[in-house]
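Inspection log for the structure reproduced underneath, given as structure tokens.
The values are calculated or read from the model by the stated rules, or taken from the named source; none is laboratory data. Bear in mind the structure is a predicted one, so any value in this text is a computation, not a measurement. Reconstructed Cβ throughout: ideal geometry from the backbone, glycine too, with neighbour counts over all protein chains shown. Remember, those area values only see protein heavy atoms, side chains included, never the ligands or the DNA or RNA. Shrake-Rupley method; radii C 1.70, N 1.55, O 1.52, S 1.80 Å.
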Amino acid sequence: DLVVRVTSPGRIAVCKGLLTIATLIGGRIVEPSLDIFDSRWLPSFFTDVRDELMELHRAAREQASTRWAVIDPGLVHAIALHAVRRIVGIVRNTHHGGTLLILPPQGADSLAGLDGHVFVKYPFASEEPRRRFRTILLALLNAVAAAQGPRDGEPARTVGWEQYASSSDGGMAQLDEALLELAHLIAGFAGADGAVVLDKRMELLGFGAEIGSDLPAVRSVARALDAEGTKKVVESVESVGQRHRSAYRLCNFAHEAVAIVVSQDGTVRFVKWFDGEVTYWDNVATSVLDV
């Protein structure tokens with residue numbers, strides 16, 4: 001059936017059943033092919049983190065007293081990106097906007113590599129609470145492997161997103177709830193003035209961050225017309241506010257960083273140095289961001 005969803009003024013999605021045909025946002029009609037969560041480059045950004053988590057999971061698997069299933073490495077990406085969807089969706093639905101900065105490589109080195117160009121007003125101590133996301137994600141991998149473990153005499157099977165999403169295991173449900181609570185916490189930090197700063201492990205470095213105005217100004221950026229950024233058009237930055245311009249300046253300086261800018265009107269923009277220039281994607285997959 002034809003479905004027309006109006007989620008806010010000027011934000012309309014036209015669907016055929018559950019399939020989004022097109023979305024109007026910011027006066028622009030965009031097809032769902034622009035869903036950045038379906039891109040190849042975004043998951044590849046977290047490849048080293050995925051490999052690290054898989055090594056920790058394998059070590060736990062070898063120490064387990066029962067037989068565990070084999071985890072598909074793609075499950076790590078799927079859960080991590082699902083968590084990012086949740087965070088972005090919560091920030092968007094609060095209508096106050098916010099900025100998330102994801103910096104490489106990890107921990108304190110992420111900020112040290114920026115030479116003081118990002119000042120974090122409220123930093124977090126390097127203790128377990130700021131590494132909560134990684135702790136929950138590893139526990140989820142171990143829980144789904146244990147819950148899907150083979151019976152005696154059966155070969156170990158490989159499990160992925162489908163088994164995780166359909167599981168009724170109580171322990172996994174509690175961990176997933178903890179992940180949702182963390183998403184709400186991070187989204188709440190985004191409501192303060194300044195950006196929320198994380199590293200590639202999704203480790204919380206702090207919030208209320210200011211991007212230095214001494215970074216070189218960016219006069220124009222490329223707007224990606226598809227998820228992979230193979231088609232782009234160059235635009236002036238004159239039509240956007242300080243929040244977007246700060247993200248452009250940071251990504252122009254730190255080529256490995258990813259900025260996610262959520263406007264008060266619900267526009268979600270991913271920014272990265274891509275193929276030799278600052279590039280942004282307007283992610284408008286409404287059904288995804290409402291998760």
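Couple of notes before you dig in:
- Meets criteria (outside any helix (DSSP H, G or I), modelled with pLDDT of 90 or more, surrounded by fewer than 17 Cβ atoms within 10 Å (Cβ to Cβ) and β-branched (Val, Ile, Thr)) for residue 234: yes
- Number of residues in the range 114-135 that are open to solvent by less than 60 Å² (accessible area, probe 1.4 Å) and part of a strand (DSSP E or B) equals 2.
- Any pair with Cβ under 7 angstrom, 6 or more apart, that starts in the range 171-183 at a residue that is over 19 Å from residue 147 (Cα atoms) and ends at one that is open to solvent by less than 40 Å² (accessible area, probe 1.4 Å) and of a type outside the set (S, T, N, Q): 180/86; 182/133; 182/136; 183/83; 183/86; 183/87; 183/90
- Close pairs (7 angstrom Cβ cut-off, 6 or more residues apart or separate chains): open to solvent by 80 Å² or more (accessible area, probe 1.4 Å) in the range 1-22, part of a loop (DSSP other than H, G, I, E, B) anywhere: 1/17
- Single residue of the range 184-203 satisfying the filter (more than 16 Å from residue 129 (Cβ to Cβ) and either free of Cβ contacts under 8 Å to residues at least 40 places away in the same chain or under 14 Å from the mean Cα position of the chain (by Cα) (or both)) that is surrounded by the fewest Cβ atoms within 10 Å (Cβ to Cβ): 193
- In the range 252-267, residue modelled with the lowest pLDDT [restricted to those that are closer than 13 Å to residue 240 by Cα and aliphatic (A, V, I, L, M)]: 262
- Yes/no for residue 71 being crowded, with 18+ Cβ neighbours inside 10 Å, of a type outside the set (Gly, Ala, Ser) and within 21 Å of the chain's Cα centre (by Cα): no
- Residues satisfying the stated conditions in the range 187-228, i.e. in a loop (DSSP other than H, G, I, E, B) and either among the β-branched types (Val, Ile, Thr) or under 19 Å from residue 113 (Cα atoms) (or both): 200, 201, 202, 203, 212, 213, 214, 215, 216, 218
- Scan of the range 158-186 for residues that are assigned to a helix (DSSP H, G or I) and among the aliphatic types (A, V, I, L, M), ordered by number: 165, 172, 173, 175, 178, 179, 180, 182, 183, 185, 186
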